[in-house]
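These notes concern the structure reproduced below.
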Amino acid sequence: MLTPHLPAPESTSSSFGAGLLQYGLLLWHRLINIGRQPTLTVWQLKRLHLLNGISFVTLTIYAGYVLIFFNSPDWLTFRICVCGVILNLPPFVFNYYRLYDAAAYYCILSVTVLCSFIAVARKYDGVEYFLISNSVVPMLFFRTFWKIALLFSLNVGAYFGVRYAMKFIKPFLYVPNSAYFYNVNVLLFFMTLFFVVYYFRSENFRQEQLLTQKNNSLAQSLHHLKSTQDQLIQQEKMASLGALTAGIAHEIQNPLNFVDNFAEVGVELVQELREELAHEPLSEKGRQTVSLLLQDLLQSQKKVNEHADRAGVIVKGMLQHSRSSTGERQPTDLNALAEEYLRLAYHGLRAKHKDFNATLNTDFNAHLGLVKVVTEDVGRVLLNLFNNAFYTVQKKAKQLPPGTYQPAVSVSTQRAAQGFIIRVRDNGTGIPADIIDKIFNPFFTTKPPGEGTGLGLSLSYDIITKGHGGTLTVESVVDQYSEFTVWLPELS
């Protein structure tokens, strides 16, 4: 059975063509970069490429004419084309020696002189039309108006001068069949004019595109600047609120101490009164009545003392939260810290939304021991996580019909490999998968404007990862739960 094969010469010719094209592109790149240096601006580099590129294209056209007329009896045209090849070499030399203005002047004036001479000498070649296209070329090479105007006027004057001279000077380099050259030169003139205009058009579009990109970039920067400004204002308000909180807490602390102390004194006085009444002659019924009243008074004083102690803990937490961190690690009971800030966050939300209720679940490892952390910083992290948890369960509770959903926030602690873990979980709205990777970014928030700064989780992440060398991660399923996990390393 015969197996057909592709012919080898086709593959060889294809690879040869690709290699030739690659070599041609490499040669073109080297030619247009003759005279390049790192100090050139973008516009100067473009001018260099244009000068070298135009000289190379013109030289190639003349070289093609040289090959065409090499074996032709028209030696006059052959010699003119050879001169054209030679006259297009100096721009490369000027650019090589960093004489960029000289190369530009030469490129324009050489065309003016050569085309004027040939147009008069041969008359019917149509070369004078190149003076028209050459009049707009200075716009490619110069930015100064007087230079562009001078070269433009020179080419326009040369064109009309040539047209006038043709009436009186007989062609002395005339050859037969000049109509052929006329058509070719007119075609080249239109092509030159087209490419010059097209270049200006493409540059205009490119500049417009760059300007649009810059405008978009500036608009984004302005948006970020305004957002940052708003966040800084919000942070300043929060700082002022922190200072105000500290002041209020200090003012509350003193009368609260009096309430606590007098409650303890009241308990002692009830006990002394009970002892004294034991020696007083009272009827059995009267003694029972007084005993019950004393028992109620004792319970009231104990409740006052208990809640005064609780208020004292809250005030202490407010003071710690508003106080700037010392940065010193201290042995800390993470279980007590987590429970304290869980209650603080819960009652803080209930103070604003009295109809809000949630189930608080705690699962603390009793053998966790003391952990060396910066207490104020870890407290801020926990408070932020609890506030977010209560926010999301409250949001979900508003979205669902009453009685169909029970908000719940859980916190647990446990020992882990070479460290400790704190988990904060809620059964709220969850975090969409497309933004879960962004929630630790600064100024990123899913809350409406005015309700969130976008800095809470970012600062919490930095406190845990940079301040304590731990990790802060999150897992979430939309409309089911969110769980933040804090891992803190164990220090020896």
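The values are calculated or read from the model by the stated rules, or taken from the named source; none is laboratory data. Here the structure is a predicted model, which is why all the values come from computation and not from measurement. All Cβ positions, even for glycine, are placed from backbone atoms using ideal geometry, and neighbour counts span all protein chains on display.
Within the option set 429, 359, being of a type in the set (Ser, Thr, Tyr), under 17 Å from residue 481 (Cβ atoms), surrounded by 19 or more Cβ atoms within 10 Å (Cβ to Cβ) and in the same structural domain as residue 462 (by TED's automatic domain parsing) holds for one residue only, 429.
Restricting attention to region 379-389, does a residue exist that is surrounded by fewer than 19 Cβ atoms within 10 Å (Cβ to Cβ) and among the aliphatic types (A, V, I, L, M)? I'd like the intermediate steps shown before the answer.
At the first step, the residues of region 379-389 found to be surrounded by fewer than 19 Cβ atoms within 10 Å (Cβ to Cβ) are 387.
Narrowing further to those that are among the aliphatic types (A, V, I, L, M): none.
No, every residue in region 379-389 fails to be surrounded by fewer than 19 Cβ atoms within 10 Å (Cβ to Cβ) and among the aliphatic types (A, V, I, L, M).
Of the set (1) at pLDDT below 85; (2) under 22 Å from residue 191 (Cα atoms); (3) not hydrophobic (A, V, I, L, M, F, W, C), all apply to residue 112 but (1). Residue 143 falls short on exactly one of the conditions (1) in a helix (DSSP H, G or I); (2) in contact with a helix residue (DSSP H, G or I) (Cβ under 9 Å, 6 or more places away or on another chain); (3) surrounded by fewer than 21 Cβ atoms within 10 Å (Cβ to Cβ), and that condition is (1). Residue 437 meets each of the listed conditions (1) at pLDDT below 90; (2) in contact with a helix residue (DSSP H, G or I) (Cβ under 9 Å, 6 or more places away or on another chain) apart from (2).
Among all residues of region 389-396, there is none that is farther than 20 Å from residue 447 by Cβ and touching a strand residue (DSSP E or B) at 6+ places or on another chain (Cβ under 9 Å). Screening the candidates 435, 422, 439 for the property of being in contact with a Leu (Cβ under 6 Å, 6 or more places away or on another chain) and of a type in the set (A, V, I, L, M) yields one hit, 439.
Among the residues of region 112-124, which ones are part of a helix (DSSP H, G or I) and charged (D, E, K, R)? Within region 112-124, 122 is the sole residue that qualifies.
Suppose the filter is among the acidic types (Asp, Glu), at negative phi and crowded, with 18+ Cβ neighbours inside 10 Å; does residue 376 pass it? Yes, satisfied. Candidates in region 398-414 are the residues that are at pLDDT 90 or above and either within 27 Å of residue 490 (Cα to Cα) or small (Gly, Ala, Ser) (or both); of these, the one that is surrounded by the fewest Cβ atoms within 10 Å (Cβ to Cβ) is 414. Filtering region 374-417 to residues that are aliphatic (A, V, I, L, M), touching a residue at least 12 places away in the same chain (Cβ under 8 Å) and out of contact with any helix residue (DSSP H, G or I) (no Cβ under 6 Å at 6 or more places or on another chain) leaves 374, 378, 385, 389, 393, 397, 408, 416.
Only a single criterion out of (1) without any contact (Cβ under 8 Å) to a residue 60 or more places away in the chain; (2) under 22 Å from residue 192 (Cβ atoms); (3) within 53 Å of the chain's Cα centre (by Cα) is not satisfied by residue 67, namely (3). Within the set of pairs 6+ apart or on separate chains, which have a first residue in region 137-152 that is at pLDDT below 85, a second that is charged (D, E, K, R), and C-beta atoms under 8 Å apart? What qualifies is 140/47.
Evaluating residue 333 against the criteria (1) among the charged types (D, E, K, R); (2) crowded, with 19+ Cβ neighbours inside 10 Å; (3) at pLDDT 90 or above leaves one unmet condition, (2).
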